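S.K.: Next up is a structure, given as structure tokens.
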Amino acid sequence: MNKKNKIKIKLNGKTVEISKNCSLKNLVTIFKIPLNKVAIELNMEIIDKKKLNNIIIKSADRVEIVQFIGGG
Amino acid sequence: MDKLKIAKKNFSSRLIVGTGKYTTMKECAKAIKISGAEIVTVAVRRVNILDATKPLLMDFIDPKKIMYLPNTAGCFSSNDALRTLRLAREIGGWKLVKLEVLGDKKSLFPDMIETLKSTETLTKEGFDVMVYCNDDPLMAKRLENAGAAAIMPLAAPIGSGLGIQNVVNIKIIRNQTKLPLIIDAGIGQASDAAQSMELGCDGVLINTAIAKAKKPFVMAEAMKLAVIAGRKSYLSGRIKKNIFGSASSPKLGII
């Protein structure tokens, strides 16, 4: 694998290696995220789920993907 | 009909149930069904990215049938709480939310300064905010002035099961506000729920008392019935208390 074409990002607090020029849409597809049940934040900013295709992830970006779980 | 009205929405059940602490999501879903609750609180947490295909809460409890009330449980600052609820709104358009900003890890008492600040911000952003708060009438008034959709004082610390500790304060808050008043934490048994309703509260929010009972389904039903009984008792116009007796049978015709 060619390391030059890879970047490191933080996804839900974990370091993850992904391809350069990967869009947020690509990312959620790779990780099989059920889009209708989550919200996505890029560097602390909430992202409109309709615009995932247009956003290219950069090195060291912090992506958070959250869902509802049981709670009081 | 006697309905619970919150932010212009009507609910038949006055029991709100939390979805935490259950052994399985299946058990949680069944307890909620038995409780008759139409609103459940949910938390916002990270997706498990190593296996995002695992079943989610939404697969067991359909948000189209039961209203999800996103909660900021576990937030210790206004910023964290705001971030959580903005994300919650993004998941599915939820505007009705429960705000909970904690101030002390041991007692889990709310930080009312941060809570008030967050209420002001969220209200400006168009949220309908149900606010977890201390049983302090002055703070409750300030939350109301800040635009809260419901006042949710604790009966006792979260998960403590102690029941209502400050009956007088709850009565004063009831007396001063027309907003929905919902006892949020510290309920331990059905009589605590009934007492809350008899004090004139509009509803009760229960999680631990049901989820951690040895028989959660039996307790879910007990809480459902207690809330109904307490509400009817409140509406019935109870008799005056009297230190002397008053015979139930007529004197006429006594032998």
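The values are calculated or read from the model by the stated rules, or taken from the named source; none is laboratory data. Here the structure is a predicted model, which is why all the values come from computation and not from measurement. Backbone-built Cβ (ideal geometry, glycine too); neighbour counts: all protein chains shown.
S.K.: Which one of A:I18, A:I9 is within 13 Å of chain B (Cβ to nearest Cβ), in contact (Cβ under 8 Å) with a residue 12 or more places away in the chain, part of a strand (DSSP E or B) and more than 22 Å from B:T84 (Cα to Cα)? Spell out how you get there, then give the answer.
M.R.: Values: A:I9 fails: more than 22 Å from B:T84 (Cα to Cα).
Sole residue among the options that is within 13 Å of chain B (Cβ to nearest Cβ), in contact (Cβ under 8 Å) with a residue 12 or more places away in the chain, part of a strand (DSSP E or B) and more than 22 Å from B:T84 (Cα to Cα): A:I18.
S.K.: Taking the options A:I69, A:I47, A:I30, A:I56, name whichever one is within 30 Å of B:N207 (Cα to Cα) and of a type in the set (V, I, T).
M.R.: A:I69
S.K.: Please list, ordered by first then second residue, the pairs with beta carbon atoms under 8 Å, 6 or more apart or interchain, first in the range A:40-56 and facing another protein chain (nearest Cβ under 10 Å) and without any contact (Cβ under 8 Å) to a residue 60 or more places away in the chain, second of a type in the set (V, I, T) and not in a strand (DSSP E or B).
M.R.: Short answer, once both residue conditions are applied: A:I40/A:V28; A:I47/A:I55.
S.K.: Given the criterion surrounded by fewer than 23 Cβ atoms within 10 Å (Cβ to Cβ) and under 16 Å from the mean Cα position of the chain (by Cα), identify the matching residue among B:D104, B:D51, B:D128, B:D62.
M.R.: Going through B:D104, B:D51, B:D128, B:D62 in turn, the sole match is B:D128.
S.K.: Hey, does the range A:26-38 have a residue that's touching a helix residue (DSSP H, G or I) at 6+ places or on another chain (Cβ under 6 Å), at the interface with chain B (Cβ under 10 Å from one of its Cβ atoms), free of Cβ contacts under 8 Å to residues at least 60 places away in the same chain and more than 16 Å from B:T53 (Cα to Cα)?
M.R.: no
S.K.: Within the range B:73-107, track down each residue that is within 12 Å of chain A (Cβ to nearest Cβ), at pLDDT 95 or above and part of a loop (DSSP other than H, G, I, E, B).
M.R.: The one that is within 12 Å of chain A (Cβ to nearest Cβ), at pLDDT 95 or above and part of a loop (DSSP other than H, G, I, E, B): B:E100.
S.K.: Within the range B:1-42, considering only strands (runs of 3 or more DSSP E) that don't extend past its boundaries, which have at least 1 residues that are in contact with a Phe, Trp or Tyr (Cβ under 7 Å, 6 or more places away or on another chain)?
M.R.: B:4-6
S.K.: Same structure again: Could you name every one of the strands (runs of 3 or more DSSP E) located completely within the range B:114-229 that has at least 2 residues being away from every other protein chain (no Cβ under 14 Å)? Spell out how you get there, then give the answer.
M.R.: Working: elements: B:128-133, B:150-153, B:203-206.
So the answer is B:128-133, B:150-153.
S.K.: Considering only residues that are among the acidic types (D, E) and buried (at least 16 other Cβ atoms within 10 Å of the Cβ), which ones fall in the range B:1-41?
M.R.: Across the range B:1-41, the qualifying residue is only B:E38.
S.K.: Might you check whether a residue that is surrounded by 16 or more Cβ atoms within 10 Å (Cβ to Cβ) and outside any helix (DSSP H, G or I) occurs anywhere in the range B:240-249?
M.R.: For the range B:240-249, residues surrounded by 16 or more Cβ atoms within 10 Å (Cβ to Cβ) and outside any helix (DSSP H, G or I): absent.
S.K.: Hey, can you tell me all the residues within the range A:13-29 that are of a type in the set (V, I, T) and either loosely packed, with under 13 Cβ neighbours inside 10 Å or in contact with a Gly (Cβ under 7 Å, 6 or more places away or on another chain) (or both)?
M.R.: Correct list: A:T15 only.
S.K.: Okay, moving on. Search the range B:211-227 for residues being closer than 17 Å to B:Q195 by Cα and within 15 Å of the chain's Cα centre (by Cα), and hand back the single one that is surrounded by the fewest Cβ atoms within 10 Å (Cβ to Cβ). Before the answer, list the steps.
M.R.: Taking the range B:211-227 first, the residues closer than 17 Å to B:Q195 by Cα are B:219-227.
Within this subset, residues satisfying the condition of being within 15 Å of the chain's Cα centre (by Cα) are B:220, B:223-224, B:226-227.
Values: B:A220: 25, B:M223: 28, B:K224: 21, B:A226: 24, B:V227: 26.
Filtering first and then ranking leaves B:K224.
S.K.: Looking for whichever is out of contact with any His (no Cβ under 8 Å at 6 or more places or on another chain) and touching a residue at least 12 places away in the same chain (Cβ under 8 Å) here; the options are B:G159, B:G93. Which one fits? Working first, answer last.
M.R.: Numbers: B:G93 fails: touching a residue at least 12 places away in the same chain (Cβ under 8 Å).
It is B:G159.
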